[in-house]
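What follows is a set of notes on a single structure, which appears directly below.
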Amino acid sequence: MARLLSFLFIIFLPFIFPGQIHAHAFGQLYNLPVPFWLYLYGGAAAIIVSFLVIGYFFNKDSNLEKYPTVNLSKLGLFSTLTKPWFVGFLKLASVFLLFLTIACGLVGENNPTVNFNMTFFWVIFVLGFAYFVAIFGDLWTIVNPWKVLTDFIEKAFGKNLVGIIKYPKLLGYLPAFTFYFLFIWLELFGQTMPFSLSVVLLIYTLANAFGVVLIGRENWFKYCEFFSVFFRILGKISAVEARGGRFYLRVPFVGLLGGRADNFGLVIFILFMLSSTAFDGFKSTAVGAAAVRILVSFTGIFLGQGSFLAVQTAGVLGLLLSPLIFLYLYLMLLAFAKVLSGSTQPLKELALDFAFSLIPIAFVYNVAHYYTLILTEGWNMIRIISDPFGFGWNLFGTSGLATNPLIVSANIGWHLQVGIILVGHIAGVYLAHLVALRVFPSRKKALMSQLPMLVLMVMYTMIGLWILAQPIVGG
């Protein structure tokens, strides 16, 4: 343990600096009440102490598969969710919102501040609904509009869409990852406007239709439709569990213990959930901006210095590198875990076993970076809903209402971010330890295997806090 602490001390040396930070997501200059390095060491200490406590109290005799639950099925919304009419209403509402989002961009004002589709898609759906799923479960599997449309077509023709060709299992989740990568590129570099966003959604709708016909409904929505994969992953975090037509309250994150990644492509997908958020934050820091300039100079050699294509290509390269860097760290420390535990299990199998322990980290990092957008931009829906096309309508009498954003002070925001990140990493340590108890033959080997994983969790925490503490210099 002394060697581990010495190693962590060396890692943290570059981060030791007091003074002012910008509270990255808030853009406000803020003087920390204590030097920044104390937050780093405090965060590391919290994770290490959590590791020691978890390692002491949880052993091989612990029942890892059973956990307390409370039946919610007769309460309020959960009771209503069991009613077929309400489920049908949610499905119709989902399809309507998809078509409305597309229509608003195609025929409405091409102004992101007044058009319904930009605020609804990027803030309410991409962020708000994702957080809803993480709390209440994977509602997307029911209301997915592309799946609803598929169900409608199957019923209309009285035939199940099983596909023209057999899905190549070798592809795994590669199609979903590809769509996810393109989605993040669109978010970070696409400079979307209402019209272009609607065109993208229309193309994606056609891609879903083609995919379902080509490889079948089941395979498409399991391996290819990336929102289905994304929300299915987040739903495992949820404190609400749907089982046997009923809803149960359970301990948050415990749903991640019910299995493991079934394909290495899913490991890459999970790592990209984490790395894409980190990349978005990093590229806006001074160090990140300098790295981007180097990439732009490199691509400019082949595509023309300062050209639009060179800039976009540099962004793609940086985005591609982000999951590869995180994958390298993950596999390297798993290899150390394999050596320390004396395990004969292949490294790929260990990567599949421990992948779900990274999901809480990916989620909390996303929340820490982006939750303020819901507070500042989400309120605009109150105004926009009365005039979704930007034509000057006032359907619900709210278009003239002032929607002042809810501004979180840098002090509160920074400490919320620190707390959110620590909760996610401690949950990751807890899950990784329980997985180790299941994977390795003895408690001692399980504990030894978790030392490298502990280093990984601490490194992720430090990187996350450092990025959040940096002033935004671009992007």
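The values are calculated or read from the model by the stated rules, or taken from the named source; none is laboratory data. From a predicted model like this one, the values you see are computed outputs, not experimental measurements. Virtual Cβ from ideal backbone geometry, glycine too; neighbours counted across all protein chains shown. Surface accessibility is based on the protein's heavy atoms, side chains included, excluding ligands, DNA and RNA. Shrake-Rupley method; radii C 1.70, N 1.55, O 1.52, S 1.80 Å.
Given H placed 1.01 Å from N in the peptide plane, which residues other than close sequence neighbours of V240 have an amide H under 5 Å from its amide H?
When sequence neighbours closer than 5 places are left aside, the close amide H contacts are G137, R250.
In Å, what Rg and Dmax follow from the Cα atoms of the stretch 178-227?
Cα radius of gyration and Dmax of the stretch 178-227 are 12.0, 33 Å respectively.
Work out, in µm²/s and without decimals, the Stokes-Einstein translational diffusion coefficient of the stretch 203-242 at 37 °C, 0.692 mPa s, Rh from Kirkwood over C-alpha pairs.
In µm²/s, the coefficient rounds to 297.
For the chain, which semi-axes, largest first and in whole Å, follow from the square roots of 5 times the eigenvalues of its Cα gyration tensor?
Calculated on Cα positions only, the semi-axes equal 36, 30, 24 Å.
If you count, for each residue, the other Cβ atoms within 10 Å and average over each peptide, how do 94-104, 134-144 line up from highest to lowest? Numbers along the way, then the final one.
Working: 94-104: 18.1, 134-144: 19.6.
Packing proxy ranking, top to bottom: 134-144, 94-104.
How large is the accessible surface per residue of the chain, computed with a 1.4 Å probe and reported in Å² as a whole number?
Working: 22100 Å² over 475 residues.
Accessible area per residue, the chain: 47 Å².
In whole percent, what relative contact order does the chain give with Cα contacts below 8 Å and a gap of six or more residues? Mind dumping the intermediate values first?
Working: 670 pairs, mean separation 119.0, N = 475.
Normalised by residue count, the contact order of the chain is 25 percent.
From the C-alpha coordinates alone, can you work out the Kirkwood hydrodynamic radius of the stretch 80-223, in Å?
Kirkwood radius, the stretch 80-223: 16.6 Å.
Which value, in Å to one decimal place, does the Kirkwood hydrodynamic radius take for the stretch 233-357 when every pair of different Cα atoms is included?
17.3 Å
Which semi-axis lengths, in whole Å and largest first, follow from the square roots of five times the eigenvalues of the Cα gyration tensor of the stretch 121-162?
Working: eigenvalues 154, 24, 7 Å².
Equivalent ellipsoid of the stretch 121-162: 28, 11, 6 Å, largest first.
In the chain, with Lys and Arg counted as +1 and Asp and Glu as -1 at Cβ, which of these residues, G137, S399, H433, has the Cα nearest the positive end of the dipole, that is, farthest along it?
The listed residue farthest towards the positive side: H433.
On average, how much area does the Cα convex hull of the stretch 337-406 cover when viewed from any direction, in nm²?
Values: hull surface 31.4 nm².
Result: 7.8 nm².
Karplus couplings for the stretch 335-343 from phi (6.51 cos²θ - 1.76 cosθ + 1.60, θ = phi - 60°), rounded to Hz, Gly and Pro as x?
Once θ is set to phi - 60°, the couplings for the stretch 335-343 become 5, 4, 4, 4, 5, 5, 8, x, 6 Hz.
Give the distance, in whole Å, between the Cα centre of the stretch 328-350 and the Cα centre of the stretch 179-244.
Computed from Cα coordinates, the inter-centre distance equals 32 Å.
Can you tell me what the convex hull of the Cα atoms of the stretch 125-210 projects to on average, as an area in nm²? Kindly include the intermediate steps, with their values, before the conclusion.
Details: hull surface 29.8 nm².
The number I arrive at for the stretch 125-210 is 7.4 nm².
Can you give the Rg/Rh ratio of the stretch 207-267, where Rg is from the C-alpha atoms and Rh is the Kirkwood radius?
1.05
Spelling out what I want: for every residue of the stretch 420-433, take phi, set θ = phi - 60°, compute 6.51 cos²θ - 1.76 cosθ + 1.60 (Karplus), and round to whole Hz; glycine and proline get x.
Per residue, the Karplus-derived 3J(HN,Hα) values read 4, 5, 5, 4, x, 6, 5, 4, x, 4, 4, 5, 4, 5 Hz.
Is the shape of the stretch 297-336 rounded, prolate or oblate, going by the alpha carbon gyration tensor and its root eigenvalues a ≥ b ≥ c, with a/c under 1.5 for rounded and a/b larger than b/c for prolate?
Cα axes put the stretch 297-336 in the prolate bin.
Once you wrap a convex hull around the alpha carbon atoms of the stretch 325-475, what is its projected area averaged over all directions, in nm²? Write down the numbers at each step before the final one.
Values: hull surface 49.9 nm².
Value for the stretch 325-475: 12.5 nm².
What share of Cα pairs, in percent, lie more than 14 angstrom apart in the stretch 344-383?
It works out to 65 percent of all Cα pairs.
Would you mind telling me the share, in percent, of accessible area of the chain contributed by carbon and sulfur at probe 1.4 angstrom?
For the chain, the apolar C and S fraction of the accessible surface comes to 72 percent.
How large is the convex hull of the C-alpha atoms of the stretch 373-460 per residue, in Å³?
146 Å³
From the backbone phi of the stretch 284-289, what are the Karplus-calculated ³J(HN,Hα) couplings (6.51 cos²θ - 1.76 cosθ + 1.60, θ = phi - 60°) in whole Hz, Gly and Pro given as x?
So the J values, rounded to whole Hz, are 9, 8, 4, 5, x, 4.
Once the mean 1/r over all distinct Cα pairs of the stretch 305-365 is inverted, what Kirkwood radius in angstroms do you read off?
Across the stretch 305-365, the inverse of the average 1/r is 13.9 Å.
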